[in-house]
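Notes to accompany the following structure.
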Amino acid sequence: MLDRGYREFVVDLADCAMMDSTFMGTMASVALRLKELGQGHLHIVHCKNRSQELLSGLGLDQIFDIHGNGARAPEFETLEQTPRGQSPEAEKKEQAETMLEAHEALCEAASENRFRFKDVIDFLRQDLHHETPLK
């Protein structure tokens with residue numbers, strides 16, 4: 001999406017019961033790329049208290065526009081997802097690459113996250129480097 005010129009992103013957490021580090025890291029990756037480009041924003045809306053605590057705990061409140069429960073999402077074009085049609089091996093590799101990129105973004109967003117996610121990053125790097133084909 002960034003490569004296609006999109007610069008404003010809205011993530012609506014109204015129905016979000018839980019976030020994992022990969023999801024938060026993916027959002028951090030987008031926000032950091034927008035910062036690098038010098039334009040655009042990542043808006044987090046309908047962010048409940050627990051979600052806000054998770055984001056703030058990782059220092060991500062410094063790179064996102066976070067809006068609480070009553071906030072309305074800015075009006076932007078809604079895009080639909082298209083099916084990928086990849087092989088299982090390619091999907092597994094892409095998922096591992098996405099997870100690695102997400103966790104590296106968390107570390108870039110706040111240096112104290114390096115200790116938190118060092119083992120995850122090491123495992124993902126090793127998994128990608130030593131990947132064997134599925135049988």
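Read the figures in this text as sums done on the coordinates, not as results from a lab. The shown structure was predicted, so the numbers you read here are calculated from the model rather than taken from an experiment. Every residue, glycine among them, receives a Cβ derived from its backbone with ideal geometry; neighbour counts consider all protein chains shown.
Taking Cα centre as origin and charging only the Cβ of basic (Lys, Arg, +1) and acidic (Asp, Glu, -1) residues, the dipole magnitude of the range 8-129 rounds to 260 debye. Taking other residues whose beta carbon is less than 12 angstrom from the beta carbon of residue 58, and scoring Lys, Arg as +1 and Asp, Glu as -1, yields -3.
For a test of the definition: using alpha carbon positions, the gyration tensor, and the 1.5 limit on a/c, classify the range 8-129 as rounded, prolate or oblate.
Working: a/c = 1.77, a/b = 1.28, b/c = 1.38.
It comes out oblate by the Cα gyration axes.
Amide hydrogen proximity for residue 10: with H placed 1.01 Å from N in the peptide plane, the residues at 5 or more positions away or on another chain lying under 5 Å are 43. Between residue 20 and residue 91, full extension at 0.36 nm per residue minus the direct alpha carbon distance yields a gain of 23.6 nm.
DSSP loop (so not H, G, I, E, B), at most 15 other Cβ within 10 Å: list which chymotrypsin sites (Phe, Trp or Tyr not before Pro) in the range 1-40 pass both filters. Let's see the in-between values first.
Details: sites: 6, 9, 23; in loops: 6.
Those that pass, being in a loop and sparsely packed, are 6.
Available extension along the chain between residue 7 and residue 49 is 12.5 nm, counting 0.36 nm per residue and deducting the alpha carbon span.
For residue 123 and residue 35, calculate 0.36 nm times their separation in residues minus their Cα-Cα distance, and state this gained length in nm to one decimal.
Full-extension gain reported as 28.9 nm.
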